[in-house]
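*Asks:* Let me begin by handing over the structure; questions about it come next.
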Amino acid sequence: MNMSHLPLLQQGIAVLAALVLFTSFALLAQTRLTSAIHSFAWQGAGVALVTALVAYSSHTSHLYLSAALTLGLKSLLIPWMLHRLVRQLNMERLVENIAHPAVLLLTGAALVIFSYWVSLPIEKLGLGDTRNIVAISLSVVLLGLWMMVSRRQVIAQVLGFMSMENGLFLAAVASTRGMPLVVELGVAFDVLVAAVLFGIFFFHISESIESLDVDRLNRLSEREEHS
Amino acid sequence: MADFLSLSGWLIVLLQGILFLLGAPLLAGWIRFVKARLQNRRGARIIQPLQDLYKLFGKEALVAHTASLVFRAAPYVVFASALVAVSLVPLLATNLPSAMAADMIVLVGLLALGRFFLALAGMDVGSSFGGMGSSREMMVSALAEPAMLMAVFTLAMSAHSTNLSSVVDFNLANGLILRPSFLFALLGLMLVAVAETGRIPVDNPATHLELTMIHEAMILEYSGRHLALMEWAAQLKLMLYGVLIVNLFFPWGIATGDTAGALLMGLLAVTVKLLLLGVVVAVMETVLAKMRLFRVPQYLNLAFLLTLLGLFSHIILETGT
Amino acid sequence: MIAFWLVLLLPVAGSMLLALTSSLVVSGWLNVFFCALEFLASLWLAVLVHAGGSLAVAGFQIDAFNVYLIMLTTFVGLTTAIFSRPYMKDVCEQGRLTRQRMRLYHAMFQMFLFTMLLALASDNLGILWVAVEGATLATVLLVSLYRTPESIEAAWKYFILCGVGIALALFGTVLVYFAAQQVLPDAEAGLSWRVLYQHAGELDPRVMSIAFVFLLVGYGTKVGLVPMHFWLPDAHSEGPTPVSAVLSGLLLNVALYAVVRFKMLVDGSLHSTDMPAMAGMLMMGFGLLSFMVAVLSLQRQRDIKRMFSYSSIEHMGLMTFAFGMGGPLATFAGLLHMLVHSLTKSAIFVTVGHASHIAGTQRIEHIRGLIRTQPGVGWGLLIGVAAIAGFPPFGVFTSEFLILSATIQSWPWLTVLLLSGLGIAFAGLFRNVQPMVYGAAPEGQSAVSANMLPVLVHLLAVLWLGLAIPAVLYGWLNEVTLLIAGEGL
């Protein structure tokens, strides 16, 4: 099946999914915290819009609720909370130094290829109109993971974590038209609690090590055992 | 594809070439004009660049005594390669006799040839500015070319051809389709175009006073008709990228037959599209500040990333069963 | 029915009530009281299930497998609560904790039990995920309860690593749901384990095997499988001792329970392909790797709680290996090992808590002469370690022996690896424990008020299981084995 045979709505879904992937890369490469939070908010909005479009095209009414939930939570509430935290911790102007941005991004690209490879058998099962968005969502998940591994700033790690959640949500929407509502509510609740806990932790960490750099969270390394 | 020996076809090719030659300075003038208006200046007339060229051709060409043959030959080579390149691009109509040579990779090669001689000429005299400009130009192009090729491949994979004419035909035939890969390729190609044609934020075409200049530094030693050719070639390149962007991604209006009406329609369409693009460029140049030179690689990385994502999204989202 | 709702809702009520209670004495007793009620309710539930075979209530399903773990959870919860009452009061009186945080501690303790029970009882795989993630969220503030830089770091690692792991597990769950939607007539039921199990043979094997990799890595992070285990020693060593006890004794079990449930589905799906034992092989590989790495890491630990948390990784690896091997004998052994390990390890953590109170530190080289200062704690530690190291006649010996027998039957070469691993672990544990128990007590070291009742109860239970498995329990575990492995012993 070729792209040109798809209705406009599906094309829109594909474009939005690709944009969500782009925001993942933007998140990965953003060195300024505030810009990274913006990218995250855009990603949330993209995921919400994809959800709404899928809901419209498949007449799944409970997905509208999920879309609204995502929009409210991922693109408004959590970014707002993070912004407030960044302001309170005086980190607005902070620019994180990334050692090898090109390596960072190329690894990201490799992860996209890997996700494509992993999800090939899933695609073969016939996803119909949402096509291989599963590969995109797995990429978003893995890119979030990669961001958590490669970035040294606590807030950047949290953004990676939350963007993983975005990817998971996208996977659920794209492959199965969303999980049952009760599960989705549970997941959303967990995400919200996690966001609040992250906020609490920022304060604890910045109090205890006077910085939000995870490289300084090294008291419990195994090396220390020998000294 | 039209008959290779069709006379009318070749006439249209000739017409396109002339239009390019005249249109390129006008496009540059248009951008300058809009920019001036955006900055609350009256600005020069749109035909000012044409008049500048005319004036430069009338002046004596001074050549530094350290210059070699390369320095003298470079303007002609650069201009000729630009001219050949533009004559391949479908401006008004698609199925022209020149179309069989209108391969995207040939185009990239021709542009590279021109750039190579430009850089050589910059270094030839041995002035410090020229060498600096050349090395910067090569850095920019080394980073921009992969992105450009990637964008080209993305388009080619959708259209199953690297021929410009076929790609345009393919897009025309399919009508408006939201393709994520095209979106990324378009954005990436625009970034590349800005870098390659030396516009803000990569280079500033309006000044000779900055230590960060790239293009102007290389042609600093030229005067008279040599300078005119160099300027003209640069303007041709700008228009080439402009036409590529508007005709590849928004091909509507381009003539597919060779009737006078279709051609006139094509001319009107491409003029309107280029004028709009000129406005976009002018707005961007007004809003953005020129970035520091060491930020340029990051900027081009972004372009590369975008085109790479275009390729990925083509493979992931647009192919398959 | 009532019993089930009691089991599930008592912890919620307890959590709310405890969040409102500010008196230390009252909240300690209240915690014990609620845990006791929960235990009684779960006992009632177990009797009901035993009589009726299984129980299904709107979205929940109780069969022999999870009711056994529910009982274990409430039991360990109860004994830990009994231990935690005087222990946490002491901690609070030393000034390491404020009243406010004690309230948080008690509320979250009950909340943690709730999420565990929810995860076990739920038939819906999505709810299972939500509950396991909820367990992380409930315990993360418990790990950082002391607010020292170390504990905050440990909690952060715990949060991030488990968060990532559990996210991958959700991806796996989504894939399972996707596979289910392709074959089930009622797509909405695609997350119900019972329905999936009935249709396991129809699920697409390729999708299921990809899903299982994600699920194993995801829930495996929570189990503490190498190489995703880095959070475990930190969280166990820096959190308050009762938290270490429940983490090690319960949370790891629940995560493993999730893995086993999914393995049952995947086995059904891969039944007729050319790789029918793919899931089991993966589990065996991860299990064996965790076992060996933990055994070696255990040797060089300087912190007593870290040492025992590596021992937890070792035993979880062994269980994962056993469940991966499949077959009635190995499965039975794995179930038994789950039981005895939980009992023994929580007893050990309780004792270790007292020991570190006596010495005022968790550094192994500074804990000396426990048996002289406080014989109860010294003996408790010694016997506990003997039990966990697999000495006869304790229950751990029985289960390890069964695992080894099963290995000899199907993978004879691996027995060598397992035996040498057990030997090394034994050596490492005793090398460290012997001077702590005997040795010369430092000047001025005095006994603390210790409550050794939970330790006694746990160790006696383990001893009993080692000497003779009661017929009721045998029948019960056999029923679970029948459920998991397809045939009983």
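The values are calculated or read from the model by the stated rules, or taken from the named source; none is laboratory data. It should be emphasised that the depicted structure is a prediction, and the values quoted were computed from it without experimental measurement. Note that each Cβ is placed from the backbone with ideal geometry, even for glycine, and that neighbours are counted across all protein chains shown.
*Asks:* Inside the range B:47-78, can you point out the residues that are out of contact with any Phe, Trp or Tyr (no Cβ under 7 Å at 6 or more places or on another chain), β-branched (V, I, T) and modelled with pLDDT of 90 or more?
*Replies:* Result: B:I47, B:V70.
*Asks:* Could you give me the residue pairs with C-beta distances under 6 Å whose first residue belongs to the range B:18-44 and is at pLDDT below 90, whose second residue is of a type in the set (G, A, S) wherever it lies, and which are 6+ apart or on separate chains?
*Replies:* The qualifying pairs are B:G43/B:A36.
*Asks:* Name the single residue that is farthest from C:L141 (Cα to Cα) among those in the range C:205-220 being more than 12 Å from chain A (Cβ to nearest Cβ) and in contact (Cβ under 8 Å) with a residue 60 or more places away in the chain.
*Replies:* Among those residues, the one meeting the criterion is C:F212.
*Asks:* Right, C:G224: more than 11 Å from chain A (Cβ to nearest Cβ) and more than 29 Å from A:L181 (Cβ to Cβ) or not?
*Replies:* So C:G224 fits the description; yes.
*Asks:* Please work out which one of (1) more than 18 Å from the chain's Cα centre (by Cα); (2) surrounded by fewer than 23 Cβ atoms within 10 Å (Cβ to Cβ); (3) at negative phi is the condition B:A121 fails and give its number.
*Replies:* (2)
*Asks:* Looking at (1) within 13 Å of chain B (Cβ to nearest Cβ); (2) within 26 Å of B:A185 (Cα to Cα); (3) surrounded by 15 or more Cβ atoms within 10 Å (Cβ to Cβ); (4) touching a helix residue (DSSP H, G or I) at 6+ places or on another chain (Cβ under 8 Å), can you tell me which one A:A36 breaks?
*Replies:* It fails just one condition, (1).
*Asks:* Against the definition (facing chain C (nearest Cβ under 9 Å), touching an Asp or Glu at 6+ places or on another chain (Cβ under 9 Å) and either under 30 Å from C:P149 (Cβ atoms) or part of a helix (DSSP H, G or I) (or both)), how does A:V187 come out, yes or no?
*Replies:* In short, yes.
*Asks:* Is at least one residue of the range A:137-150 within 13 Å of chain C (Cβ to nearest Cβ), in contact with a Phe, Trp or Tyr (Cβ under 9 Å, 6 or more places away or on another chain), more than 19 Å from A:G199 (Cβ to Cβ) and polar (S, T, N, Q)?
*Replies:* yes
*Asks:* Condition test on B:A99, is it crowded, with 16+ Cβ neighbours inside 10 Å and at pLDDT below 85?
*Replies:* The answer is yes for B:A99.
*Asks:* In contact with a Pro (Cβ under 6 Å, 6 or more places away or on another chain) and crowded, with 24+ Cβ neighbours inside 10 Å, is that true of C:L120?
*Replies:* no
*Asks:* Okay, next question. With the condition kept exactly as written, say whether any residue in the range C:292-304 is under 25 Å from C:L460 (Cα atoms), touching a helix residue (DSSP H, G or I) at 6+ places or on another chain (Cβ under 7 Å) and crowded, with 24+ Cβ neighbours inside 10 Å.
*Replies:* The initial filter retains those residues of the range C:292-304 that are under 25 Å from C:L460 (Cα atoms), namely C:304.
Adding the requirement that they be touching a helix residue (DSSP H, G or I) at 6+ places or on another chain (Cβ under 7 Å) leaves C:304.
If we keep only those that are crowded, with 24+ Cβ neighbours inside 10 Å as well, we get C:304.
Checking the range C:292-304: at least one residue is under 25 Å from C:L460 (Cα atoms), touching a helix residue (DSSP H, G or I) at 6+ places or on another chain (Cβ under 7 Å) and crowded, with 24+ Cβ neighbours inside 10 Å.
*Asks:* Report the residue count in the range C:433-465 for those that are modelled with pLDDT of 85 or more and either surrounded by 21 or more Cβ atoms within 10 Å (Cβ to Cβ) or among the aromatic types (F, W, Y) (or both).
*Replies:* Selection size over the range C:433-465: 11.
*Asks:* Identify the single condition in (1) more than 7 Å from chain C (Cβ to nearest Cβ); (2) among the acidic types (D, E); (3) within 23 Å of A:A135 (Cα to Cα) that A:E207 does not satisfy, given that it satisfies every other one.
*Replies:* It is condition (3) that A:E207 fails.
*Asks:* Take C:I348 and decide whether it is more than 14 Å from chain A (Cβ to nearest Cβ), β-branched (V, I, T) and part of a helix (DSSP H, G or I).
*Replies:* Against the criterion (more than 14 Å from chain A (Cβ to nearest Cβ), β-branched (V, I, T) and part of a helix (DSSP H, G or I)), C:I348 qualifies.
*Asks:* Given the options C:L113, C:L6, name the one that is among the aliphatic types (A, V, I, L, M) and surrounded by fewer than 24 Cβ atoms within 10 Å (Cβ to Cβ).
*Replies:* Only one candidate qualifies: C:L6.
*Asks:* Among the residues of the range C:9-38, count how many are surrounded by 22 or more Cβ atoms within 10 Å (Cβ to Cβ) and free of Cβ contacts under 8 Å to residues at least 60 places away in the same chain.
*Replies:* Count: 1.
*Asks:* Does C:G280 satisfy the criteria of being at pLDDT 90 or above, over 18 Å from the mean Cα position of the chain (by Cα) and of a type in the set (G, A, S)?
*Replies:* yes
*Asks:* In this structure, is A:L9 among the hydrophobic types (A, V, I, L, M, F, W, C), within 19 Å of A:R177 (Cα to Cα), at pLDDT below 90 and surrounded by 18 or more Cβ atoms within 10 Å (Cβ to Cβ)?
*Replies:* Working: among the hydrophobic types (A, V, I, L, M, F, W, C): yes; within 19 Å of A:R177 (Cα to Cα): yes; at pLDDT below 90: yes; surrounded by 18 or more Cβ atoms within 10 Å (Cβ to Cβ): no.
Criteria not met by A:L9.
*Asks:* Let me ask something else. Scan the range B:283-297 for residues that are loosely packed, with under 15 Cβ neighbours inside 10 Å and either among the basic types (K, R) or within 11 Å of another protein chain (Cβ to nearest Cβ) (or both) and report the count.
*Replies:* Of the residues in that region, 2 qualify.
*Asks:* Please go through the range C:347-371 and give me each residue that is charged (D, E, K, R) and more than 23 Å from A:L220 (Cβ to Cβ), ordered by number.
*Replies:* C:R368
*Asks:* Also: Does the range B:26-43 contain at least one residue that is surrounded by fewer than 20 Cβ atoms within 10 Å (Cβ to Cβ), at positive phi and not in a helix (DSSP H, G or I)?
*Replies:* Scanning the range B:26-43 turns up at least one residue that is surrounded by fewer than 20 Cβ atoms within 10 Å (Cβ to Cβ), at positive phi and not in a helix (DSSP H, G or I).
*Asks:* A further question follows. Please go through the range A:59-96 and give me each residue that is surrounded by 16 or more Cβ atoms within 10 Å (Cβ to Cβ) and among the small types (G, A, S), ordered by number.
*Replies:* Of everything in the range A:59-96, those that are surrounded by 16 or more Cβ atoms within 10 Å (Cβ to Cβ) and among the small types (G, A, S) turn out to be A:S66, A:A67, A:S75.
*Asks:* Can I ask one more? Output the residues belonging to the range A:157-181 that are facing chain C (nearest Cβ under 7 Å) and in a helix (DSSP H, G or I).
*Replies:* A:Q157, A:F161, A:M164, A:E165, A:L168, A:A171, A:A172, A:S175, A:T176
*Asks:* Can I ask one more? Test B:F304 against the stated conditions and say whether it is more than 8 Å from chain A (Cβ to nearest Cβ) and in a helix (DSSP H, G or I). If you could, list the steps in order and put the result at the bottom.
*Replies:* Working: more than 8 Å from chain A (Cβ to nearest Cβ): yes; in a helix (DSSP H, G or I): yes.
Yes.
*Asks:* Continuing with this model, one more query. Just one of B:L56, B:L83 is within 12 Å of B:E231 (Cα to Cα) and part of a helix (DSSP H, G or I); which is it?
*Replies:* Only one candidate qualifies: B:L56.
*Asks:* Can you tell me which residues in the range A:143-161 are among the aliphatic types (A, V, I, L, M) and within 20 Å of A:V103 (Cβ to Cβ)?
*Replies:* Across the range A:143-161, the qualifying residues are A:L143, A:L145, A:M147, A:M148, A:V149, A:A156, A:L159.
*Asks:* Another question about this same structure. Of the numbered conditions (1) modelled with pLDDT under 90; (2) crowded, with 24+ Cβ neighbours inside 10 Å, C:G287 satisfies every one except a single condition; which is it?
*Replies:* Of everything listed in (1) modelled with pLDDT under 90; (2) crowded, with 24+ Cβ neighbours inside 10 Å, C:G287 misses just condition (1).
*Asks:* What single numbered condition from (1) of a type outside the set (S, T, Y); (2) crowded, with 24+ Cβ neighbours inside 10 Å; (3) at pLDDT 90 or above; (4) touching a Phe, Trp or Tyr at 6+ places or on another chain (Cβ under 8 Å) fails to hold for C:G249?
*Replies:* (3)
*Asks:* Sticking with this structure for a sec: Hey, among C:T415, C:T407, which residue is crowded, with 22+ Cβ neighbours inside 10 Å, more than 21 Å from the chain's Cα centre (by Cα) and modelled with pLDDT of 90 or more?
*Replies:* Only one candidate qualifies: C:T407.
*Asks:* Let me ask something additional. Quick one: which of C:E133, C:E153, C:E202 is of a type in the set (D, E), modelled with pLDDT of 90 or more and either farther than 22 Å from A:S115 by Cβ or more than 23 Å from the chain's Cα centre (by Cα) (or both)?
*Replies:* C:E133
*Asks:* Please enumerate the residues belonging to the range C:130-185 that are of a type in the set (S, T, Y), within 7 Å of another protein chain (Cβ to nearest Cβ) and part of a helix (DSSP H, G or I).
*Replies:* C:Y177
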